[in-house]
Amino acid sequence: MELKERIINETNGLLKIKSCRLITMDEIANNLGISKRTLYEQFKDKSSLLEDCFNINFEKAVIDSNKIVESSENSLVSILLMLKKANSSIHTIKYDYIKDLNKYYPEIYQKTFERHINFQKELRNKLLLNALENGLVLNDINFDLLNSMIQLNLFYCSKNEYTVQNPNHSLIEIAMMHIFIIMRGVSTIKGIEIIDKYKDIFLKK
């Protein structure tokens, strides 16, 4: 594995357990057993390192989403499987850590995280249109509002208040249950039959 890839992997690991604000170049260098000079030969500063990390994660998400669409039975199943994947990805980085990225590195947030959100939203809209054409969702649904509801549930269900009120369930379970209810609510009878057929997969931990 090349040094640059090792640095990115180490940084991605740290992003799962602490805020980007608290991660230091010293820490990364020490964890990898390299000098700061060597680290700065690969990345000019912490901002460029963070941007590369999120860009790589975005590119991987695009590949994963395309694979889901290609292999799914229909667009409704694609949407739910994509949301399950997104749900899992979001919960590897806590809600407060995402807020810190926006607060302390707004340019990186806009260039990487918001780009990822917009990509997912556009792809969901295409899939929803396909589902509508195939009679799987109701024809009077406002897709923009639906997408906003989905996004809010993905992010806000990662807040710790949910685990306090539901100690026997993980945040991933809680978020997916919310999304399952939303998607089932906007589906036709035909769509509901498909969703219920895959219920165990969608709601599985």
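Nothing in this text is a laboratory measurement; each read-out follows from the coordinates by a stated rule. The model shown is predicted, which means the values in this text are computed figures rather than measured ones. A quick note on method: Cβ atoms are made from the backbone with ideal geometry, for glycine too, and the neighbour counts reach across all protein chains shown.
Whats the longest run of the chain with zero GluC sites (Glu not before Pro) that are DSSP loop and have at most 16 other Cβ atoms within 10 Å?
On the way: sites that count: GLU2, GLU73.
No qualifying site falls inside 74-205, the longest such stretch.
With only Lys, Arg, Asp and Glu charged, each at its Cβ (+1 for the first two, -1 for the last two), find how big the charge dipole of the chain is about the Cα centre; round to the nearest 20 debye. Can you show the working numbers first?
On the way: 28 positive and 26 negative charges, 63 e Å.
I would put it at about 300 debye.
Quick check: from the Cα gyration tensor, does segment 76-136 come out rounded (a/c under 1.5), prolate or oblate? Let's see the in-between values first.
Numbers: a/c = 4.55, a/b = 2.07, b/c = 2.20.
Judged from the Cα gyration tensor, segment 76-136 comes out oblate (a/c at least 1.5, b/c at or above a/b).
Using a Gaussian network for the chain with springs between C-alpha atoms less than 10 Å apart, which of these wobbles most: PHE113, PHE180, PHE143?
Among PHE113, PHE180, PHE143, the largest GNM mean-square fluctuation belongs to PHE143.
Taking H placed 1.01 Å from N in the peptide plane, check which residues at least 5 places from SER187 or on another chain put their amide H under 5 Å from its amide H.
LEU138
Distances over 18 Å make up what percent of all Cα-Cα pairs in segment 54-202? Can you show the working numbers first?
Details: 6412 of 11026 pairs.
Of all Cα-Cα distances in segment 54-202, 58 percent exceed 18 Å.
Can you check what the net charge comes to around ARG184, using other residues whose Cβ is under 13 Å from the Cβ of ARG184 (Lys, Arg +1; Asp, Glu -1)?
Working: positive: LYS190, LYS197, LYS199; negative: GLU193, ASP196.
It works out to a net charge of +1.
Counting other beta carbons within 10 Å of each Cβ, put MET183, MET177 in order, fewest first. Could you put the intermediate results ahead of the total?
On the way: MET183 23, MET177 16.
With the fewest neighbours first, MET183, MET177 line up as MET177, MET183.
Exceeding 32 Å between C-alpha atoms, which entries from my cross-link table qualify? They are LYS84/LYS111; LYS44/LYS67; LYS36/LYS204; LYS16/LYS190; LYS18/LYS126. Kindly include the intermediate steps, with their values, before the conclusion.
Values: LYS84/LYS111 24 Å; LYS44/LYS67 34 Å; LYS36/LYS204 43 Å; LYS16/LYS190 39 Å; LYS18/LYS126 35 Å.
Beyond 32 Å between Cα atoms: LYS44/LYS67; LYS36/LYS204; LYS16/LYS190; LYS18/LYS126.
Can you sort VAL69, VAL77, VAL62, VAL137 from fewest to most other Cβ atoms within 10 Å of each residue's own Cβ?
On the way: VAL69 18, VAL77 22, VAL62 14, VAL137 25.
Exposure proxy ranking, most exposed first: VAL62, VAL69, VAL77, VAL137.
With contacts defined as alpha carbon pairs under 8 Å and 6 or more residues apart, what's the relative contact order of the chain in percent?
Numbers: 168 pairs, mean separation 46.0, N = 205.
With pairs under 8 Å counted, the relative contact order is 22 percent.
Using every Cα-Cα pair within segment 1-123, state what percent have a distance larger than 27 Å. Can you show the working numbers first?
Working: 1825 of 7503 pairs.
So the pairs more than 27 Å apart make up 24 percent of the total in segment 1-123.
Based solely on its DSSP helices, what 222 nm [θ] is calculated for the chain when runs of n ≥ 4 H residues each add -39,500 (n - 2.57) and the sum is averaged over all residues, nearest 500 deg cm²/dmol? Intermediate results must be reported in sequence, preceding the final value.
Values: 12 runs with 147 residues, N = 205.
Calculated mean residue ellipticity at 222 nm is -22500 deg cm²/dmol.
How tilted is helix 75-90 with respect to the longest principal axis of the chain? Cα atoms for both, answer in degrees (0 to 90, nearest 10).
That works out to roughly 30 degrees.
Mind checking the dipole of segment 38-153: about its Cα centre, +1 per Lys or Arg Cβ, -1 per Asp or Glu Cβ, Debye to the nearest 20?
Working: 14 positive and 16 negative charges, 43 e Å.
My answer is approximately 200 debye.
Give the distance, in whole Å, between the Cα centre of segment 166-205 and the Cα centre of segment 113-160.
A separation of 14 Å, based on Cα centres.
Mean shadow of segment 1-49, computed from the convex hull of its alpha carbons, in nm²? Don't skip to the end; give the middle numbers.
On the way: hull surface 12.2 nm².
The directionally averaged projection comes out at 3.1 nm².
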